[in-house]
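The values are calculated or read from the model by the stated rules, or taken from the named source; none is laboratory data. These numbers come from a predicted model, not from an experiment. Cβ placement follows ideal geometry from the backbone for every residue including glycine, while neighbour counts extend to all protein chains displayed. With ligands, DNA and RNA removed, areas are computed over all heavy atoms of the protein, side chains included. Shrake-Rupley method; radii C 1.70, N 1.55, O 1.52, S 1.80 Å.
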Amino acid sequence: MKKNLWIMLSLVSVALLLSGCTEFDQPISSKSEGFWNEYIVWPLVSFIKLFADMFEGNVANYAFAIIIVTIIIRLIILPLTIKQVKSSKKMQEIQPKLKELQAKYSSKDAVTQQKYQQEMMQLMQTSGVNPLAGCLPIFIQMPILIGFYHAISRMNATPAFELGSFLSVPLAEPSIVFAVIAGLIQYVVLMTGPAVDNPQMKIMMYIMPLMIVGFGIILPAALSLYWVVGNIISVLQNLAIYKPWNKNKPDATDKGAK
């Protein structure tokens, strides 16, 4: 059942992504048709334009608008982020018990695995862990985040929108400086997040920032600015929620054991 759920969520994610990818470099307007354009991309474009008009006459008006809208979106999805973090922490707390169950039911026959699944679900219920709580917030956020990404890209392809510049960097053109800054802050996000023991996840800590830099080098600087602002907010969230300076400190139980 869990495998089928992940397959379904993956298909939904791909559908959402592809729904906008076909028009990625096309102009956007209120007359653009399709669910993705009418209910995701154009409302976000209108929102950015609203704040840009407040700074009309300033060459960085769209930069300020992108920063403001990014902050607003991150604040809106903050409750989902907190819920996801709480679920992840609970999962970490029951990991020792899950490992005990895996050792107890190490046999791969159907009967043993069925018992393992039953006891695992019972453990999660008694511990108040909801497996969906950790992944659903991510999929709820995806349409918003991908939509914002598409909104900026398509504004760049629309002559009616003059993105201007920020700190002397033209937002409509790629910027190596903004791309590198976005990648570095992405690395800080991962370093200040939860402790990672999985070797594959540790590899991703180095690959993801490089991917951000790679995309930033070929995409408009406005998107790199979006990544920079969003990642700065993520760092602040991690500092408040995970308190990374306590990662390597032994807890009270460890001291007692010693």
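Observations on the model:
- Most to least accessible of Ser106, Ser175, Ser29 (protein chains only, probe 1.4 Å): Ser106, Ser29, Ser175
- Accessible area ranking (1.4 Å probe, heavy atoms, ligands and nucleic acids excluded), largest first, for Ile207, Ile94, Ile68: Ile207, Ile68, Ile94.
- Working note: Cα gyration tensor of the range 89-129, eigenvalues times five, square-rooted, sorted largest first, giving semi-axes of 20, 11, 6 Å.
- Pairwise centroid distance, computed over Cα atoms, of the range 181-241 with the range 144-169, Å: 21 Å
- FRET E, pair Val177, Leu80, Förster distance 35 Å, beta-carbon r, rounded to 0.05: 0.65
- Taking the 1.4 Å solvent-accessible surface of the range 46-157 as the whole, the part contributed by carbon and sulfur is 62%.
- Rounded to whole Hz, the Karplus (6.51, -1.76, 1.60) HN-Hα couplings of the range 29-39, x for glycine and proline: 7, 5, 8, 4, 9, x, 4, 4, 6, 6, 10
- Placing Val111, Val41 in order of accessible area, with the largest value first and a 1.4 Å probe, yields Val111, Val41.
- Cross-link pairs Lys104/Lys243; Lys89/Lys115; Lys97/Lys202; Lys49/Lys86 - those with Cα-Cα distance over 27 Å: Lys104/Lys243; Lys49/Lys86
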